1. What is the local net charge at I39, summed over the other residues whose Cβ is closer than 15 Å to its Cβ (Lys, Arg +1; Asp, Glu -1)?
2. Over the chain, with the other protein chains present, what is the accessible area per residue in square angstrom, probe 1.4 angstrom?
3. Percent of accessible area on region 1-53 owned by carbon and sulfur, 1.4 Å probe?
4. Per residue of region 38-50, in order, report the coupling 6.51 cos²θ - 1.76 cosθ + 1.60 (Karplus, θ = phi - 60°) as ³J(HN,Hα) in whole Hz, putting x for Gly and Pro.
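The values are calculated or read from the model by the stated rules, or taken from the named source; none is laboratory data. Here the structure is a predicted model, which is why all the values come from computation and not from measurement. Cβ sites come from the backbone with ideal geometry, for glycine too, and all protein chains shown count toward neighbours. Heavy atoms of the whole protein, side chains included, go into the accessibility calculation; ligands, DNA and RNA do not. Shrake-Rupley method; radii C 1.70, N 1.55, O 1.52, S 1.80 Å.
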Amino acid sequence: MPYTNEEGGLLNNFAREPKIYQAEPPTQGQKRTYLFLGIAATVLVVGLIVVAFFVSKSS
């Protein structure tokens, strides 16, 4: 573990820095997957709202 000695014998520990890399743009397959997941999440949320609306009306 990297550390430094300061005056008076104190030790300072430093965290290891992660390797830096440049992000790559998503591929066509990843874009398609993101689109599918977005549509599925929207359908789920709208479905839950519709169910909650009908349940609250029936009471």
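1. +2
2. 103
3. The C+S portion of the solvent-accessible surface of region 1-53 is 65 percent.
4. Once θ is set to phi - 60°, the couplings for region 38-50 become x, 5, 4, 5, 5, 4, 4, 5, 5, x, 5, 5, 5 Hz.
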